[in-house]
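The values are calculated or read from the model by the stated rules, or taken from the named source; none is laboratory data. As the structure is a prediction and not an experimental result, all values here were calculated from the model. Cβ placement follows ideal geometry from the backbone for every residue including glycine, while neighbour counts extend to all protein chains displayed. Calculation scope for accessible area: heavy atoms of the full protein, side chains included, ligands and nucleic acids excluded. Shrake-Rupley method; radii C 1.70, N 1.55, O 1.52, S 1.80 Å.
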Amino acid sequence: MSYTLVIHGGAGNITPEIMNKQQEAEYTQALKSALDKGNKVLAGGGSAMDAVVAAICEMEDNPLFNAGRGSVFTKKGLNEMDAALMDGSNLAAGAVAGVRNIKNPIRLAREVMLHSGHVLLCNEGAGEFALQQGVEMATDNYFFNQSRYDQWVEIRDTNFTQLDHKGDNLKGGPVPNTGHKFGTVGAAACDALGNLAAGTSTGGMTNKRFSRIGDSPVIGAGTYANNNTCAISCTGHGEYFLRAVVAYDVSCLMEYKGLSLQDACAVVIKDKLVKMGGEGGLIAVDAMGNHEFCFNSAGMYRGMTNSAGKEEIAFYGV
Ligand code: ASP
């Protein structure tokens, strides 16, 4: 019975220079806990889908990551979260965007996939659906995090938005480098039956306005799974990942051009995206259990585990 699980906790300006030993230990532990949760599901004969949800929930509950509990603040000082999930065995998908007070947005994405008859729900409507489905809610206080708040306070009087891992802003002139290194989370898995699944969850960008939505909840951009090709979760500057339809592009290169997982990821992340100016990366698995970590940023919090007992956790570029 062979299986593979990969996870990420965001990509960006993650270098040994900006991480101290304690932070390295905290991130290692956080990624390990998520891998353990997913591994337990797969080792017990569970599905790729359940493993992906278990791993992502663990990271959503950890304030180290910009997802669920640790989500960043919007221009209005709120937490608005995006998440998506896709089942590669039947191309079923569910996603939520701009949701508030949902403890685990990835669970709500799964409810959307299974019980809504739709693929993507947003804002208050998604909240209504969450109540109807009995999805666990949490107070604003649960989502409060001092470092996230400070990160927002530094730029809330500007129109700048900031990706978690970047020291510089994405629009306009420089903003202070807060030194915070947090991230969107994702997982992709191939289970013992050869079924693939992928999921992504994020708080988006600090100081985002106008109900801005990134790539994470958009099927084909930040999240995609198809048993015939691969399962992918992306992280990075969402606007570029949307325009480049990154996750689906990797799948298409495999399906139509016969590229390997490794080559398809490299073409999209290290060539096409770079030429557009898009920074970030992705994690991927294929149905043979091959996996890829591919990024064009300085680093990406990432980890993998498989049925052969292999486990890897890394942050920096190689
Ligand atoms: N891709 C996410 C977004 O643009 C951010 C991230 O990956 O950190 O919302």
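A few notes on this one:
- Every pair of residues 6+ apart whose Cβ atoms lie under 7 Å, when the first sits in the stretch 208-228 and is touching a residue at least 24 places away in the same chain (Cβ under 8 Å) while the second is near the ligand (Cβ under 9 Å from one of its atoms) and of a type in the set (Phe, Trp, Tyr): 215/241; 221/241; 222/241
- Hits in the stretch 120-142 - residues which are touching a residue at least 60 places away in the same chain (Cβ under 8 Å) and surrounded by 17 or more Cβ atoms within 10 Å (Cβ to Cβ): 120, 122
- Filtered residue count, the stretch 185-209, keeping only those that are assigned to a loop (DSSP other than H, G, I, E, B) and in contact with a helix residue (DSSP H, G or I) (Cβ under 8 Å, 6 or more places away or on another chain): 7
- Residue 318 part of a loop (DSSP other than H, G, I, E, B) and free of Cβ contacts under 8 Å to residues at least 24 places away in the same chain: yes
- All positions within the stretch 1-25 that are open to solvent by 40 Å² or more (accessible area, probe 1.4 Å) and under 24 Å from residue 222 (Cβ atoms): 13
- Complete set of residues in the stretch 264-314 that are of a type in the set (Asp, Glu), part of a strand (DSSP E or B), in contact (Cβ under 8 Å) with a residue 12 or more places away in the chain and open to solvent by 20 Å² or more (accessible area, probe 1.4 Å): 292, 311
- Identity of the residue in the stretch 236-263, under 13 Å from residue 220 (Cα atoms) and not in a helix (DSSP H, G or I), that ends up farthest from the chain's Cα centre (by Cα): 244
- Count of the stretch 1-17 residues which are aliphatic (A, V, I, L, M) and within 16 Å of the ligand (Cβ to nearest atom): 4
- Residues that are part of a loop (DSSP other than H, G, I, E, B), more than 10 Å from the ligand (Cβ to nearest atom) and among the small types (Gly, Ala, Ser) within the stretch 210-226 comprise 211, 220, listed in sequence order.
Okay, residues lined up against (1) within 21 Å of residue 289 (Cα to Cα); (2) within 19 Å of the chain's Cα centre (by Cα); (3) open to solvent by 50 Å² or more (accessible area, probe 1.4 Å); (4) modelled with pLDDT under 95:
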{"position": "40", "(1), (2), (3), (4)": "yes, no, yes, no"}
{"position": "53", "(1), (2), (3), (4)": "yes, yes, no, no"}
{"position": "73", "(1), (2), (3), (4)": "no, yes, no, yes"}
{"position": "95", "(1), (2), (3), (4)": "no, yes, no, no"}
{"position": "114", "(1), (2), (3), (4)": "no, no, yes, no"}
{"position": "117", "(1), (2), (3), (4)": "no, no, yes, no"}
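- Residue check for residue 31: surrounded by fewer than 24 Cβ atoms within 10 Å (Cβ to Cβ) and closer than 28 Å to residue 194 by Cβ: no
- Test: residue 194 is away from the ligand (no atom under 14 Å from the Cβ) and either at negative phi or open to solvent by 10 Å² or more (accessible area, probe 1.4 Å) (or both): yes
- Condition check for residue 232: assigned to a loop (DSSP other than H, G, I, E, B), in contact with a helix residue (DSSP H, G or I) (Cβ under 9 Å, 6 or more places away or on another chain), within 16 Å of the ligand (Cβ to nearest atom) and modelled with pLDDT of 95 or more: no
- Within the stretch 293-318, if we keep just the residues that are hydroxyl-bearing (Ser, Thr, Tyr) and over 17 Å from the mean Cα position of the chain (by Cα), the residue that is farthest from residue 24 (Cα to Cα) turns out to be 307.
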